[in-house]
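The values are calculated or read from the model by the stated rules, or taken from the named source; none is laboratory data. It should be emphasised that the depicted structure is a prediction, and the values quoted were computed from it without experimental measurement. Note that we place each Cβ from the backbone using ideal geometry, even for glycine, and neighbour counts take in every protein chain shown.
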Amino acid sequence: METARLEALFAAAQRLGATAIHLVPGRTPALRVQRRFVAGDDTTLQPSDVDDLTRDLLFSDHRERLRRNGHVEVLYVARSGGRYRASVAELGGRCSIVMRPVPLTPPKAEALGLPEQVAALARFRSGLVVVSGSFGAGKSTTLAAIVDACNDDEGRHIVTLEDSIQFVHENRAALLHQREVGTHVGSAVEGVRQAMASGVDVIVVAEVRDAATLDAAISAAESGCLVFVGVEAGSITAALAELSATVSVEERPRLRTRLASVLRGATGQRLLHRLHKGGRVPVVEVLVASQAVRQAVRAGRLQELPGIMNRCRGLGMQTTDVALRGLLAHHVVTQEEALLHACNPEEVVSRLSAR
């Protein structure tokens, strides 16, 4: 794909406030503008256009990951200086690309519309915090906001481990090192071990996909570090189940025991379209590791967690449905949009009507 055409698409996306550029062979480039797609130009993309761009975007380790997983993400910097998160997917031998703009400066939790409980997680001094969300739900942005909050804490040494560095953080009160897996360290496991050897206080692992990375993260938390891990999952319960599934059935009781002992909290989020203005707003569930939570995790009774979160709102917990009721009460999203994401739609509507 010619660079001039790609740059023209970036300019059009910025002008229209698009949240994504979709490049699919056989279709014209599509810009995601709020809830609809807008044609980026009038020329149909050929398979060679996308293949050429894919070849330019990926290094050998990225291509191996694409071959192995069918999906890979990289950071692309345009000639204009704009930064884009490029997600390359392969299906049936054909590649498609989604490019999402990345802000030039790290986000603030309050600017993202995250609940105060999320920023409060950055104040812990040790333990493990799980940050979950489905693909495209803003999990990486939330982790960046948590890093930004930690960055204001004088005396902290922070190391982030990311597949591709998306948000560049300046050193403020804290000492901060951002490391890219495959570039600065061979693996996330190696990065965690090096961070621990340097006497780090906070470790952020952008994505946990395997047992070795999870073991390294838990070991760091057991040693006294505060560790944030990203997990691609649709909810907190699903994220903890995903972590448990990284090991064999025989090893899971021990893993759950270790996880319960170091867990400090967890978040899960989705993105909803705003009602009165462009953009999207996160709906966030929050779990705080109370004694009841630890017991449920240790015993593998993850299905009990939503009930615990609902009963223990005074501890700072909230379910997705509670978060949705708050957005509806402040007229941030439509009722139709909220009910699409509600776990118990009838209860969300009935409790809102009772206010």
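General remarks:
- When Arg264, Arg254 are checked against the criterion of being in a strand (DSSP E or B), farther than 16 Å from Gly138 by Cβ and either at pLDDT below 95 or of a type outside the set (Phe, Trp, Tyr) (or both), Arg264 stands alone in meeting it.
- Here the strands (runs of 3 or more DSSP E) wholly within segment 123-212 that include at least 3 residues being touching a strand residue (DSSP E or B) at 6+ places or on another chain (Cβ under 6 Å) and more than 23 Å from His62 (Cβ to Cβ) are 127-133.
- Filtered by the rule that a residue be surrounded by fewer than 20 Cβ atoms within 10 Å (Cβ to Cβ) and without any contact (Cβ under 8 Å) to a residue 40 or more places away in the chain, segment 190-210 gives Glu190, Arg193, Gln194, Met196, Ala197, Arg209, Asp210.
Here is a yes/no grid of residues against (1) buried (at least 18 other Cβ atoms within 10 Å of the Cβ); (2) under 23 Å from His273 (Cβ atoms); (3) free of Cβ contacts under 8 Å to residues at least 24 places away in the same chain:
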| residue | (1), (2), (3) |
| --- | --- |
| Arg15 | no, yes, yes |
| Thr19 | no, yes, no |
| Asp41 | no, no, no |
| Asp49 | yes, no, no |
| Gly92 | no, no, yes |
| Met99 | yes, yes, no |
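- Identity of the residue in segment 273-296, assigned to a strand (DSSP E or B) and touching a Leu at 6+ places or on another chain (Cβ under 7 Å), that ends up modelled with the lowest pLDDT: Arg280
Rundown of residues vs (1) touching a residue at least 60 places away in the same chain (Cβ under 8 Å); (2) closer than 20 Å to Arg83 by Cα, yes/no style:
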position	(1), (2)
Ile146	yes, no
Phe167	yes, yes
Gln178	no, yes
Ala188	no, no
Ser219	no, no
Ser223	no, no
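- Leu305 under 18 Å from Leu112 (Cβ atoms), within 23 Å of the chain's Cα centre (by Cα), modelled with pLDDT of 90 or more and surrounded by 15 or more Cβ atoms within 10 Å (Cβ to Cβ): no
- Residues that are assigned to a helix (DSSP H, G or I), more than 25 Å from Val200 (Cβ to Cβ) and under 15 Å from the mean Cα position of the chain (by Cα), drawn from segment 225-241: Ile236, Ala238
- The one condition in (1) of a type in the set (A, V, I, L, M); (2) surrounded by 18 or more Cβ atoms within 10 Å (Cβ to Cβ); (3) out of contact with any helix residue (DSSP H, G or I) (no Cβ under 6 Å at 6 or more places or on another chain) that Ala11 fails to fulfil: (2)
- In segment 233-260, of all residues being charged (D, E, K, R) and under 20 Å from Ile308 (Cα atoms), the one that is surrounded by the fewest Cβ atoms within 10 Å (Cβ to Cβ) corresponds to Glu242.
- Criterion violated by Arg311 - all others in (1) free of Cβ contacts under 8 Å to residues at least 40 places away in the same chain; (2) farther than 25 Å from Leu114 by Cα satisfied: (2)
- Residues in segment 55-76 that are more than 19 Å from Val102 (Cβ to Cβ) and surrounded by 15 or more Cβ atoms within 10 Å (Cβ to Cβ): Arg63, Arg65, Leu66.
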